[in-house]
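I have placed the structure first, in the form of structure tokens, so that the comments after it can refer back to it.
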Amino acid sequence: MKALATKFSSFLLFILFSAVASFAQDAKVNAKIDATQVMVGDQARLFIEVQHNAKQSRIEWAPMPDTFNTLEIVEKGKIDTVRQGDMVTYKQRLLITGFDSGAYTVPSFIFPVIPANGTPYTIQTDSFPLLVQTVAVDTSKGYKDIKGIIAVKSTWKDYIWYIVGALIFIVL
């Protein structure tokens with residue numbers, strides 16, 4: 001009986017401390033990347049989502065450079081805002097590409113959080129590995145030159161709308 005009471009009180013303390021820890025920090029960030037491997041010039045999408053209580057704190061968006069670790073941000077999507085009561089969620093999509101093969105890391109982005117009362121703190125996204133691969137080239141086969149211009153044969157049917165337009169213009 002005493003062992004059961006000890007387990008129950010331990011469980012109750014665990015639940016209590018879990019609840020306190022979840023309300024201690026009102027902001028959270030989540031990031032996902034849709035690919036861990038891309039070909040040279042292809043793009044990976046990074047989705048960033050930041051959520052906080054607007055009455056308790058303010059978020060400063062992380063500075064995002066155009067290039068990092070020889071990877072480039074091709075496009076920074078607009079920051080979407082979703083409000084549900086006091087909770088505000090910001091979402092942004094980034095298109096990332098690499099033009100040199102190798103194993104790189106998309107760094108974590110740091111978001112400063114300024115509480116209404118209290119000391120400022122930061123939250124950050126995870127970092128993600130990104131492998132940029134080259135196209136396989138078979139060097140045992142001979143070099144193939146670029147093909148020249150190919151003439152396209154046309155018939156009078158290709159110009160029928162021009163002929164009809166010219167006839168209507170003449171009649172008018």
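Quick rundown of the values:
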quantity: Residue in the range 72-87 that is farther than 22 Å from H52 by Cα, among the basic types (K, R) and either assigned to a strand (DSSP E or B) or open to solvent by 40 Å² or more (accessible area, probe 1.4 Å) (or both) present; calculated: no
quantity: Residues of the range 133-172 classified as in contact (Cβ under 8 Å) with a residue 24 or more places away in the chain and not in a loop (DSSP other than H, G, I, E, B), total; calculated: 1
quantity: Selection count, the range 57-71, where residues are open to solvent by less than 70 Å² (accessible area, probe 1.4 Å) and more than 17 Å from the chain's Cα centre (by Cα); calculated: 2
quantity: Residue among D126, D145 that alone is closer than 19 Å to A31 by Cα and open to solvent by 80 Å² or more (accessible area, probe 1.4 Å); calculated: D126
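Quick grid of which residues meet (1) basic (K, R); (2) surrounded by 14 or more Cβ atoms within 10 Å (Cβ to Cβ); (3) modelled with pLDDT of 90 or more; (4) in contact with a Cys (Cβ under 8 Å, 6 or more places away or on another chain):
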site	(1), (2), (3), (4)
L13	no, no, no, no
A19	no, no, no, no
A24	no, no, no, no
A31	no, yes, yes, no
A54	no, yes, no, no
L95	no, yes, yes, no
D100	no, no, yes, no
P112	no, yes, yes, no
P115	no, yes, yes, no
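The values are calculated or read from the model by the stated rules, or taken from the named source; none is laboratory data. What you see is a predicted model; the values in this text were computed from it and never measured. When we count neighbours, we look across all protein chains shown, and the Cβ atoms used for this are built from the backbone with ideal geometry, even at glycine. Note: accessible area is taken over every heavy atom of the protein model, side chains too, but ligands, DNA and RNA are not part of it. Shrake-Rupley method; radii C 1.70, N 1.55, O 1.52, S 1.80 Å.
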